[in-house]
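The values are calculated or read from the model by the stated rules, or taken from the named source; none is laboratory data. Keep in mind it's a predicted model, so treat the numbers as computed, not measured. For neighbour counting, all protein chains shown are included, and Cβ atoms are generated from backbone atoms with ideal geometry for every residue, glycine included.
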Amino acid sequence: MSRNERVARCLPQAENLEVRMVRPLGPLGRLAFTFRDGLRLAREWGADLYFSVSEYAPASLPPGRRART
């Protein structure tokens, strides 16, 4: 998921990569996504990795399943 179209376009196409655009959010919306929605989506999708750029990874995410830049 990306809130920035330029960032999304920079990602190379790959068979195992899907990019979804999401609407921009203010500070409270970003916190809600970080601590509620993002973790829920990662679990629903069975994500192997939660990769976060300029946002925070949920504290309740199991160790070893986070990547941050």
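Brief remarks follow.
- Qualifying residue in the stretch 45-67 (condition: modelled with pLDDT of 85 or more and of a type in the set (D, E, K, R)): no
- Residue that is nearest to Ala47 (Cα to Cα), among those in the stretch 20-31 that are at pLDDT 85 or above and surrounded by 10 or more Cβ atoms within 10 Å (Cβ to Cβ): Met21
- Hits in the stretch 3-19 (condition: basic (Lys, Arg) and surrounded by 10 or more Cβ atoms within 10 Å (Cβ to Cβ)): Arg3
- Every pair of residues 6+ apart whose Cβ atoms lie under 7 Å, when the first sits in the stretch 15-30 and is within 23 Å of Leu49 (Cβ to Cβ) while the second is assigned to a loop (DSSP other than H, G, I, E, B): Leu17/Leu11; Val19/Leu11; Arg20/Met1; Val22/Met1; Val22/Arg3; Arg30/Glu55
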